[in-house]
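Readers should treat all values here as calculations from the given coordinates under stated rules, not as data from a laboratory. Here the structure is a predicted model, which is why all the values come from computation and not from measurement. Note: ideal-geometry Cβ built from the backbone for every residue, glycine included; neighbour counts use all protein chains shown.
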């Protein structure tokens, strides 16, 4: 497992370098798989469902992260964020008959704190923002999936001797303010250092203010890749995060539809292609698609 | 509200950090602020200029920028506080905490200086002149004649400055100290259904803390009233 992680790090690094080599950051990444847009999608949905309404309107707003390389990341020059969350969102959007690369899709940034309020108020239709499924969240919003299972690891400076969270008891470990990762760090006995963004944490690790930062392994791999050779991901995963899709409780019918699209993508290989284009690479073993939760 | 009660230890620790940030930067800003005020009203032109420059630069800069300077730009330029590492029970005063205290102190000092200067200006010039006439040096004039009267007049604005500081400590929550604001964000993340009651609970605790502070200022004002 650990070996795969290191290989994944190298692969992500290679991927980001090849992207950087494209020069113009505004260009879409070439490796992103093409998503087939379904025609006459509105006919497939029953009247009165949220999917029908969205398909007929031809417009949708998706909540994604902007600051997580590999999952949901948008640099200043590009219009559309990139990453695994975004690719999965594109599959859902295409199933509604909307072209995911057109202006009909609004990619709204949702930080950890405003994902529930945005869904509740209807400001976004779906949230795919490294959104861990939890019982508490399911009381206020709908969550289904998971479409990915990840775990929390530790990111340290490349020349550090630290090999895992066990060695960081009583030491400072950075993570994002108000995130589950920060709680897990504290539960592991380390001193939590809250920051606004993951890149701010990486900055603190780079300049030696804190010895380590911690969050989902996939995010850390992306950060390590961004900071070429100065940071490394270490240790076993010490938590399990089940990343799912968020929708409004007012339209529970979305759950079945999301699961259908996800299942279809697991079977058709679209999920695999999305993983390989964002988190994977030549040497990375693509994991088995996770088992989906039943809809209530 | 039960969420706050269930996590009372974590919440208490968080407010402990809030109060420590406030108390340490509060005392330090009073010291530095008084020194700055002395520079600004003193007889040496160069020092007057230095004091004025400090107030102009720092008071015209947003707090967040001052704090980010010490937290993020500082370490890059070699301004680190790694020598600070004090652990008292669950409370840990580390380099990040120190950087935040320094930022808050630097920022608040400018306001303390101006509050105090307002007080000094309220003391009739004759007082200082009389003190000079009996042969007191500048330090003596300030210490024994001007400041005791100035502090009385400066007390209400000073209380406002310190109350602002107490609330300003929340900025440190986004920059590396798990104080009340950071803890609240953690709790709202875990307990999405309780979001609003959590906001209210934390706001109420702040109201109580500020109320205690203003009560204290009120008491002092009454006690020092007889001039």
Inset, instruction - Place a label point 7 angstrom from the Cα of residue B:221 along the Cα-to-Cβ direction, then list the residues of the range B:106-147 whose backbone nitrogen is under 20 Å away. - result: B:111-123
Inset, instruction - Give the shape of the protein assembly as shown as rounded, prolate or oblate, defined through the alpha-carbon gyration tensor: a ≥ b ≥ c are the square roots of its eigenvalues, a/c under 1.5 means rounded, and otherwise the shape is prolate if a/b is larger than b/c and oblate if not. - result: prolate
Legend entry - Average beta-carbon neighbours from other chains, 10 Å sphere, peptide A:190-200: 5
Inset, instruction - Tell me what chain B gives for mean residue ellipticity at 222 nm when only DSSP H runs of n ≥ 4 count, each as -39,500 (n - 2.57), the sum divided by the residue total, rounded to 500 deg cm²/dmol. - result: -23500 deg cm²/dmol
Legend entry - Point-to-point label distance, residue B:65-residue B:52, nm (Cα→Cβ direction, 7 Å offset): 2.1
Inset, instruction - For the range A:180-232 and the range A:53-99, write down the distance between their C-alpha centroids in whole Å. - result: 26
Legend entry - Antiparallel content of DSSP bridges confined to the range A:152-234, in %, to 5: 55
Inset, instruction - Jot down the per residue volume, in cubic angstrom and as a whole number, of the convex hull over the alpha-carbon atoms of the range A:55-214. - result: 121
Legend entry - Order of A:115, B:223 - criterion: other Cβ atoms within 10 Å of each residue's Cβ, fewest first: B:223, A:115
Inset, instruction - Note down the nm distance, to one decimal, between modelled labels 7 Å out along Cα→Cβ at residue A:99 and at residue B:87. - result: 6.0
Legend entry - chain A - share of DSSP beta bridges that are antiparallel (%, nearest 5): 60
Inset, instruction - Return the calculated 222 nm mean residue ellipticity for chain A, to the nearest 500 deg cm²/dmol, obtained by summing -39500 (n - 2.57) across DSSP H runs with n ≥ 4 and dividing by the residue count. - result: -10500 deg cm²/dmol
Legend entry - Extended-chain gain in nm, criterion 0.36 nm per residue less alpha-carbon gap, residue A:250 and residue A:77: 58.7 nm
Inset, instruction - Give, to the nearest whole percent, the P(r) tail of the range B:20-177 beyond 28 angstrom, counting all Cα pairs. - result: 29
Legend entry - DSSP beta bridge pairing in the protein assembly as shown, given as percent antiparallel to the nearest 5: 65
Inset, instruction - At 7 Å along the Cα-to-beta-carbon direction for both residue B:44 and residue A:49, put a label point, then send me their distance in nm to one decimal. - result: 8.0
